[in-house]
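Worksheet for the structure shown next.
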Amino acid sequence: MDWYMMNCELLATCSALGYLEGDVYHREPDCLESVKDLIRYLRHEDETRDVRQQLGAAQILQNDLLPILVQYPQDKVLFDAIVRLMVNLTQPALLCFGKVPADAASRHHFLQVLSYLQAYKEAFASEKVFVVLSEKLYDLLQLDWEQRQEEDTLLIERILLLVRNVLHVPPDPTEEQGVDGDASVHDRVLWALHISGMDDLLKFLASAQVEQQWALHVLEIISLMFRDQNPEELAALGQGPAGAEHGEDTRELETLRQRELAEKRARALQRPSRHSRFGGSYVLQGLKSIGDRDVVFHKGLHNLKSYSHDLGKEPQRVPRRRQAAPESEPSHRSARNVRLFLRHFCQDFLEGCYNRLMLLVKDQLVREKAQQHDETYYLWATAFFMAFNRRRGFRPELVSETVSVRAFHFIEQNLTKYYEMALMDKKEATTWAHRMHLALKAYQELLRTVQEMDRSPEQAVRDSSQVIKSNIFYLMEYRELFLTLFRKFDETKQPRSFLRDLVETAHLFLRMLERFCRGRASLVVQSKRVRRKKKPRAPAAFTPPPPSTAELEELWAGLAPQLQACLEGKVPLPEDVVPFDAASETPVEEQRAEALLRIQGCLRRSQVPQALRLLRSARDVWPEGDVFGAADAGPPEETRLLREILVAPLPRNPPPEPEEPEDEEEEDEEEEEETVQVSEKEFNFLDYLKRFACAPVVRALVLLLRGYARNSPRTNHCAARLLHRLARDLRMEPLLFQLSLFALFHRLLSDPAAGAHQELVALAKFILGKFFALAATNKKAFVELLFWKNPTAVYEMTKGYSSLQEGEGAPKSRVPPWTPQEEQELRELYWKYKEVEGEDIIAAILAHLPTAGRTRRQVVKQLVRMGLASSARDFPRERKGTRIVLWTQEQEEELTRLFEEFQGSDDVLGNIMKHLTARRSRARVVEKLLGLGLVSERKELYKKRRRKSHGHGPGMAAAGVPGVPAQDSSAEDEDSEEEEEDEEDEVEEGPMEENWAPEEGAGQGLAQRLHQEGLAGPLRWLENCLRRAAGDREEDGVSHPVPLVPLTEENEDAMEDRRFQSLLRQLGLRPPASEQESFWRIPAALTPQQLRRAAASVTHHGPDPSGSPRDLPGPPKCPQDPGPAEQLPAELGSDSESEEPVPVPVPSPVQSGTKRRRELDSEDEDGGNSAPSPLPPPTGPGLAPAAPCSEEDEEDEDPQPRGRRKRVRCLEEEEEEEEEEG
């Protein structure tokens, strides 16, 4: 934009600032007011940012604002105004426009503003400017909080924002085209920042206790400072001789030189020894040209290998939406002095600031005090500084804040959120993919740090890594993460660098998981399974016949007295009955028909007042036609109308429910309810690896290997190792029989520099050898090259194409194929019944189809497959209403008789349901019993549970089962919902954990001997644990196995004593079941009375006949509360979100599967104030309880609160109300 085209007022304002004479700037008297006017103009600029563009074209910042800032820093008011104006002028272009504009005109303005910002950044590459800013910031930070005014706090924030804006400006690719090592504009700005001492002020802000509010500003500035840097290269700088730093460049140059020499040798071999003036023409037999003749080749034979039909053709233009996603900004190697200063900054930051700053930033992110998407700076800092620390000499205490299960959980949550948003927000998918890449890098660096901890010489560090790995490998979300990212990888949205990091991270995760499994006999992990429970649809469940005329007449005879009372005014009519809904989308005529149906329904339900009110209200709404009677209709006329409506055969075809989409899944005979079941299972590494044997994973690996020449050796190794796992470890070599991969192998084997990729060459030869061996027996293998394959196709290629139908692995539910004769019959039946009105086409076809066993869904799918229908929506299922089934007098008498007969039994309702003549739902029977007054509340009909006595009853002795309170696990509750309600109590109670209970006084003699031998302390601890467990089970009403965790050295020694273990066995306690468990447990089968008797047996004063707990010396502690000897150093095992070190759990996912994720969020809760709570037994490999107990955990982890059976029973009856069994 030309200077002379500037707005006149803006030009006058800029002229009133002052003028520059040599190196001295002379300000005008109205300089401060002019600066304020410029701020006002910027506030009211239009959407093209015209004021900003005019000021940028006039170079106001370079020629006026910066000289004023440098020469007049003592004028506080003017300095503050200048900084405000520069913060506004330098704000990023994306903030000005919101996003990169799509139209050409707006994009031009965007690029123009961006070019002015790049000019501003070059002007800021001055030591004088940053010296002034640093001195002003230093003076402000010297002020105490009592002396610091609000204006001072605002000026600190504006200086930090100004530094952020300057560093945020992207480089100009047209201007900065130097080689690595040259000082770019960004490097010069960083050097000026370093010379001025601003970097030291940033480290002070990051570490000072009183400057916590600037944590996110500092982290953002630091991330922009290291934007072009590689942490591993930065860490390796200066560690060896100067020549060693250029080793990578030397290796790359040597590889290029070898490639060039190999190409020269190949060309020399192809060149004929004697030049011929005539090249000659040749006929390529077997290669057809455009016509039917063979191709005529007019060049020398040495050029034959480069012949292709595509020679001379213009390459097909790839649409923009299918183009590969562009890579992020290419990394630029800064000047050596800048890199040395940045390396020193990293060291100081890690030693004094990293843990504290990351804790503050994490706290602000969790409490949502930060701006949107500020977590990306946290993810970047995690990946960068942990990589620097790992490469520089790995000191885990420097990064302890981000080495924890909580850090893994936070990153996994954000990675999943970005992944889901990329699928939903298609327009911003590229931006979400970039954020996903940052989260993936942080996740990869966490895994590398944990792997490095395994190699640490300190035992505490290795134990902490085992704890983290046991939690990570236990949870299903972490194992499924890479499969999800592979399957949803889109090269048009995600760059090639994302795929590279994904492959390297997946390779690292698989290797760590394989080694973790190798050292254990078995590994138990969490498993989630979607359970689909089918239930019949309520609207279409029954089609009861309409009542007969005799039944309607009998009903009318019973309604006549009520109607007469309503007409005489003895019974009040309801006022909240409205027959018409003006806001409804249903047409008025249809609402009138619905009003008739509602009146008829009220009459058939014996709701006479509602029916009469509906009739009169509908008459007021629809007076025309006298459908609901004349306006002056009297009681006789209304009586006649109601009788006609009652006996009229009105059509009952309610419209389909709008909230249920009519798709292909609705063609099932039954609806499905999806519930997620969380359980535990034995982990098999090969079974997990088989999940990667799918086309999306192989396709992504092939895409990455296409650029093998540009990839790093590590990237090629990770991709080749993954392919080797799929082909060799799983014995699925045909999975890699794909034409695009074979084309890649051909290019690799023909590459003169293939010697640098020996691993890929070996893989290619192995796969090709397997292919040609298979092709010798399976001629269709060449056709299979055209398709991506799955394990089923691999099995058929190797075992035969009919092996799945005829072999043992054939699925039993396979749908029989449609023969040509059946298809012809289906076509004829379809055309025959297509034009028949009022009849369901699919039902008619099924009735006349010769082949039995076909379902409605199979017929619909075949019609769609044959092209006779476009989709399953063309055949909507007929929806039918339900009607109320009345109880006859005989049925009521039968119900009363059955109730009196079985009133004293354990299961009154179950026996009534067995002997009832007319089948009805349990809910209807319960309602009728309440209506008849036979019972006053529902709980009187519940099945009576046997309460276990203190001793063994006859039935118990026969079964050998001790008495326990009624309890069900969560899985048993789910199973019991599907079982019959009349099953025996023993079945409902479910299997119990122990089949033996201690007798009264068991172990008393042994306990007295142990007490005399000096084990009084452990015996007292055991007695307290037993009494506390008894009290908890009485209070909660549920029982869980409670581990006995010795927290003192004395108790730990006693637990290893054989005689003490013998005492535990006599008391009925259970030893560790396998290597997965580490502690003895109080079984869930022991009742509170049995626990008190056991506690009395170990009491030194003899057995306590009352069975009541003694007064304890102090408040009980949770069995999982760690003692002082069981805490790890604060720098490793703890989350530093609290000031005190938090105990790290023993390596085990002990908690129940449904609560694992919550414990990741609350791992650092203080366990000292928690109440005792019995915990479920550990099921992980050699693991112990992983979190202290708290009152919230005690509430959440109770799988069966009191009254659960009552709620389950009510829920069952509510579900049965919808079944309408007639």
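What the table shows:
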| read-out | value |
| --- | --- |
| Ranked order, ARG857, ARG84 - accessible area, probe 1.4 Å, largest first | ARG84, ARG857 |
| Of all accessible heavy-atom area on the range 358-402, the percent that carbon and sulfur account for (1.4 Å) | 39 |
| Solvent-free Debye scattering, log10 I(q)/I(0), computed from the Cα coordinates of the range 371-498 at q = 0.12, 0.14, 0.18 Å⁻¹ | -0.48, -0.64, -0.98 |
| Estimated vicinal HN-Hα couplings, Hz - the range 1040-1057 in sequence order (Karplus 6.51, -1.76, 1.60; Gly, Pro = x) | 10, x, 10, x, 9, 9, x, 9, 10, 5, 5, 5, 5, 5, 5, 5, 8, 6 |
| In sequence order, calculated HN-Hα J values of the range 931-943 (Karplus, 6.51, -1.76, 1.60; Hz; x Gly/Pro) | x, 7, x, 6, 10, 9, 8, 5, 5, 5, 9, 6, 5 |
| Residue-level accessible surface for THR819, protein heavy atoms, 1.4 Å, Å² | 50 |
| Accessible area of the range 331-407 divided out per residue, in Å², using a probe of 1.4 angstrom | 38 |
| Per-residue SASA entry for LEU350, accessible area with 1.4 Å probe, Å² rounded to 10 | 10 |
| Heavy-atom accessible area order for TYR120, TYR419, largest first, 1.4 Å probe | TYR419, TYR120 |
| Residues with amide H under 5 Å from that of SER184, placed H, sequence gap 5 or more | ALA335 |
| Two-decimal ratio, the range 329-425, of alpha-carbon radius of gyration to 2.2 N^0.38 Å | 1.23 |
| Protein-only accessible surface order, largest first, of ARG877, ARG865, ARG619 at 1.4 Å | ARG865, ARG877, ARG619 |
| Distance histogram in 5 Å bins (all Cα pairs of the range 93-210, percent per bin) | 2, 10, 17, 18, 16, 14, 12, 7, 4, 2, 0 |
| Accessible surface of MET476 - all protein chains present, 1.4 Å probe, nearest 10 Å² | 40 |
| Sorted largest first, extent of the range 110-176 alpha carbons per principal axis (Å) | 50, 25, 12 |
| Rounded if a/c under 1.5, otherwise prolate or oblate - the range 693-782, Cα gyration tensor axes | prolate |
| Nonlocal amide H pairs with GLN677, under 5 Å, H built at 1.01 Å | ARG529, VAL530, ARG531 |
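The values are calculated or read from the model by the stated rules, or taken from the named source; none is laboratory data. These numbers were taken from a predicted model, which means no experiment stands behind them. Heads up: the accessible areas ignore ligands, DNA and RNA and are worked out on the full protein's heavy atoms, side chains in. Shrake-Rupley method; radii C 1.70, N 1.55, O 1.52, S 1.80 Å.
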